[in-house]
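The structure under discussion appears below in the form of structure tokens.
Taken together, the values in this text are just the output of simple stated rules run on the coordinates, not laboratory data. Here the structure is a predicted model, which means the values were calculated and not measured. Using ideal geometry, Cβ is built from the backbone for each residue, glycine included, and neighbour counts are taken over all protein chains shown.
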Amino acid sequence: QAFTELQAKVMDTQQKVKLADLQIEQLTKTKKHAHLTDTEVMMLVDETRMYEGVGRMFILQPKGVIHNQLLEKQRIAEEKIKELEQKKSYLERSVKEAEDNIREMLMARRAQ
């Protein structure tokens with residue numbers, strides 16, 4: 001029974017690792033998109049009319065506000081990526097420990 005529980009724990013943890021990978025990939029895309037958009041925005045002259053999409057409407061915003069929002073979006077994505085990488089490394093250690101426990105149980109059974 002303990003063997004079955006360990007196997008279930010390993011499979012569950014591996015799924016969580018895959019989910020963390022997907023989230024990291026999505027956040028990396030978001031960060032890159034914000035960076036590229038910010039690069040394009042900064043090339044425009046300061047008098048350019050810029051609009052921020054809010055729901056189903058657009059609000060006129062100064063270039064500085066748009067720039068700050070894009071930087072904030074990048075910063076938040078970077079923080080979340082770091083958190084997810086820490087979580088992922090913890091989960092990978094957990095998987096390794098559970099697999100080691102399974103091997104030990106199998107060795108103990110073979111020794112009997």
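Most fluctuating residue of Gln69, Gln61, Gln23 in a GNM of the chain with Cα springs under 10 Å: which is it? For the chain, modelled as a Gaussian network with Cα springs under 10 Å, the answer is Gln61. Here the ratio of the Cα radius of gyration of the stretch 1-111 to 2.2 N^0.38 Å is 1.74.
If exposed trypsin sites (Lys or Arg not before Pro) are those in a DSSP loop with at most 16 other Cβ within 10 Å, what is the longest stretch of the chain that has none?
Between the exposed loop sites, the longest stretch runs 57-112.
Maximal additional length on extending the Arg109-Asp21 stretch stands at 28.1 nm, based on 0.36 nm per residue less the C-alpha distance. What angle do you read, to the nearest 10 degrees and between 0 and 90, between the alpha-carbon axis of helix 2-43 and the longest principal axis of the chain? Between the helix axis and the principal axis of the chain, the angle is about 20 degrees. Per-residue ellipticity at 222 nm computed for the chain from its helices equals -30500 deg cm²/dmol, with DSSP H segments shorter than 4 residues left out and the rest contributing -39,500 (n - 2.57). Just checking the listed ones, Ile59, Ile81, Ile102: in the Gaussian network model of the chain with Cα springs under 10 Å, the one fluctuating most is Ile59. Charging the Cβ of each Asp and Glu at -1 and of each Lys and Arg at +1, and nothing else, the dipole of the stretch 1-111 about its Cα centre rounds to 320 debye. Give the aspartates and glutamates whose C-alpha is closer than 14 Å to that of Lys96, dropping any in the same chain fewer than 8 places away, or say none. Straight-line reach from Lys96, under 14 Å: Asp12, Glu104.
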